[in-house]
Amino acid sequence: MDAKQADLSALRINRAAEAAAAPSSSRHWRWLAIGVPTAVAVLLGAILFRTTGVLASAVPVRLTRAAFASPRSGAVLVASGYVVAQRKAAVASKGTGRLVYLGVVEGDRVRAGQVIARIEDSDIKAQLAQAQASLDLSRAELRDAEHSLARERLLLDSAFSSQASYDAAEARYQRVRASIAIAQAAVQAAEVALENTVIRAPFDGTVLSKNADVGEVVAPLAASAFSKSAVVTIADLRSLEVEADVAEANLEAIAPGQLCEIVLDAYPDGPYPGYVAKVVPTADRAKATVQVKVAFRSYDARVLPEMSAKVHFLPRPARGGAGADTQPVLVVPASAVAERNGRSVVYVVEGGRAVEVPVTVGRQVGTAVAIREGLAAGTQVIDSVGERVRRGVKVKEQYRPS
């Protein structure tokens, strides 16, 4: 009865609580709708980062220069040898004595006739003075002998003297003249001995080594524990050539005048042009080789005697041709050239990014490749081009260890 009498108007749905819960659920879906596209964008950016490298960190690269080089890979023969001065002398004294003056050191340039050193000469000067005094004495006796001979002739003509007296005066006169000649020879010998105490440069050249010091005894014939023979060694650096040993079996590939390239072990990146100056007409039976002298066509002050070298004998030019295959060509390392879209390209660095440069390549030159068009000498290109190096990629130069 109570239930029937209940006030049904109090029964209502609470819409306020439902409305309060609805905004929280809608906000959740709204954040989900925003977060999913953002994650997708980040993922796509990462893929772009990995694929194109536009947003990636800088790719480490090394640079190299495009330079001219001769086609040494086409050399018909390579031989080893040494740089030798064709005009070289171990300068010694012609006299024996203690060295009292030395005016040069290694590396000094000297002129022909320049005084290099002196040995003690006090004893030689004494001998010269003695010889000069003997000469003066003989000349004084000559005047007396001349007067005596003149008087004896006059007396003989007047019949106041005998023939024997006249003959004795004439004999004395001849003896005095002979003694003068002996004294003059002694003076000349002393002067030569004095000049031998002065050591002079025999030709224009450069001092290579100093073999004696002031205070040491020098001897003209041979050195010992107590004396030195050569005082200095001089060479004419304008006469440098490379002496290389060529096997007898390869001698047919060598001819006088043949073009060569001389590569010094000290400077392997800077070859010097040369040519075969002479094939020595004798063989070394112990080594079965023949010595070939290769002259420089041009060289600089870096080339020094006794440097080791390798000689690349280039092919002889064809008859009627100028031997174009032996002319220098512009080259870059083969690893610096890449194929992009069916064309050969190299990459230079501008503003920290790789810039693609199309080139026309030629033949292989050893580990390098010739560039016929598209690049200038001295241009720095990326040395080793990998898949990550593309147009516009950010790069960072790495320096080669010294």
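Below, the figures for the structure above:
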{"item": "G257 being within 15 Å of the chain's Cα centre (by Cα) and either more than 13 Å from V78 (Cα to Cα) or of a type outside the set (A, V, I, L, M) (or both)", "result": "no"}
{"item": "Every pair of residues 6+ apart whose Cβ atoms lie under 8 Å, when the first sits in region 242-260 and is outside any loop (DSSP other than H, G, I, E, B) and open to solvent by less than 60 Å² (accessible area, probe 1.4 Å) while the second is polar (S, T, N, Q) and at pLDDT 90 or above", "result": "E243/Q291; A244/S80; A244/Q291; V246/T289; V246/Q291; A247/T289"}
{"item": "Output for region 137-167, where each listed residue is assigned to a helix (DSSP H, G or I) and either of a type in the set (A, V, I, L, M) or within 60 Å of the chain's Cα centre (by Cα) (or both)", "result": "L137, A140, L142, A145, L149, A150, L154, L155, L156, A164"}
{"item": "Test: residue in region 193-208 that is of a type in the set (S, T, N, Q) and under 21 Å from D123 (Cβ atoms)", "result": "yes"}
{"item": "Residues located in region 87-104, provided they are under 27 Å from the mean Cα position of the chain (by Cα) and open to solvent by 30 Å² or more (accessible area, probe 1.4 Å)", "result": "R87, K88, A90"}
{"item": "Counted residues, region 261-272 - those being among the aromatic types (F, W, Y) and open to solvent by 50 Å² or more (accessible area, probe 1.4 Å)", "result": "1"}
{"item": "Members of region 207-239 that are modelled with pLDDT of 90 or more, part of a strand (DSSP E or B) and over 16 Å from L102 (Cβ atoms)", "result": "A235"}
{"item": "Residue ID - nearest to S134 (Cα to Cα), chosen from residues in region 179-223 that are free of Cβ contacts under 8 Å to residues at least 60 places away in the same chain and either of a type in the set (F, W, Y) or open to solvent by less than 50 Å² (accessible area, probe 1.4 Å) (or both)", "result": "A183"}
{"item": "Filter result for the condition that a residue is under 60 Å from the mean Cα position of the chain (by Cα), among the aliphatic types (A, V, I, L, M) and within 17 Å of G95 (Cβ to Cβ), over A193, A181, A185", "result": "A193"}
{"item": "Residue in region 273-289 that is over 30 Å from G95 (Cβ atoms), open to solvent by less than 60 Å² (accessible area, probe 1.4 Å), at pLDDT 90 or above and in a loop (DSSP other than H, G, I, E, B) present", "result": "yes"}
{"item": "Residue check, V176 farther than 17 Å from P220 by Cβ and surrounded by 13 or more Cβ atoms within 10 Å (Cβ to Cβ)", "result": "yes"}
{"item": "Whichever residue in region 71-81 is buried (at least 16 other Cβ atoms within 10 Å of the Cβ) and modelled with pLDDT of 90 or more and, among such residues, is farthest from I234 (Cα to Cα)", "result": "A79"}
{"item": "Any hit, region 278-286, residues being of a type outside the set (S, T, N, Q), free of Cβ contacts under 8 Å to residues at least 60 places away in the same chain and within 30 Å of V365 (Cβ to Cβ)", "result": "yes"}
{"item": "Those residues of region 115-150 which are surrounded by fewer than 16 Cβ atoms within 10 Å (Cβ to Cβ) and of a type in the set (S, T, N, Q), in sequence order", "result": "S122, Q130"}
{"item": "Odd one out for V84 among (1) open to solvent by 20 Å² or more (accessible area, probe 1.4 Å); (2) at pLDDT below 90", "result": "(2)"}
{"item": "Test for Q174: is it farther than 30 Å from D123 by Cα, in a helix (DSSP H, G or I) and modelled with pLDDT of 80 or more", "result": "yes"}
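Residues checked against (1) out of contact with any Leu (no Cβ under 9 Å at 6 or more places or on another chain); (2) open to solvent by less than 80 Å² (accessible area, probe 1.4 Å); (3) at pLDDT 90 or above:
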{"residue": "G323", "(1), (2), (3)": "no, yes, no"}
{"residue": "T326", "(1), (2), (3)": "no, yes, no"}
{"residue": "V329", "(1), (2), (3)": "yes, yes, no"}
{"residue": "E339", "(1), (2), (3)": "yes, no, yes"}
{"residue": "V345", "(1), (2), (3)": "yes, yes, yes"}
{"residue": "V349", "(1), (2), (3)": "no, yes, yes"}
{"residue": "A354", "(1), (2), (3)": "yes, yes, yes"}
{"residue": "G366", "(1), (2), (3)": "yes, yes, no"}
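The values are calculated or read from the model by the stated rules, or taken from the named source; none is laboratory data. Being a predicted model, the structure only gives us computed values, none of them experimental. So basically every Cβ, Gly included, is an ideal-geometry build from the backbone, and we count neighbours across all protein chains shown. Note: accessible area is taken over every heavy atom of the protein model, side chains too, but ligands, DNA and RNA are not part of it. Shrake-Rupley method; radii C 1.70, N 1.55, O 1.52, S 1.80 Å.
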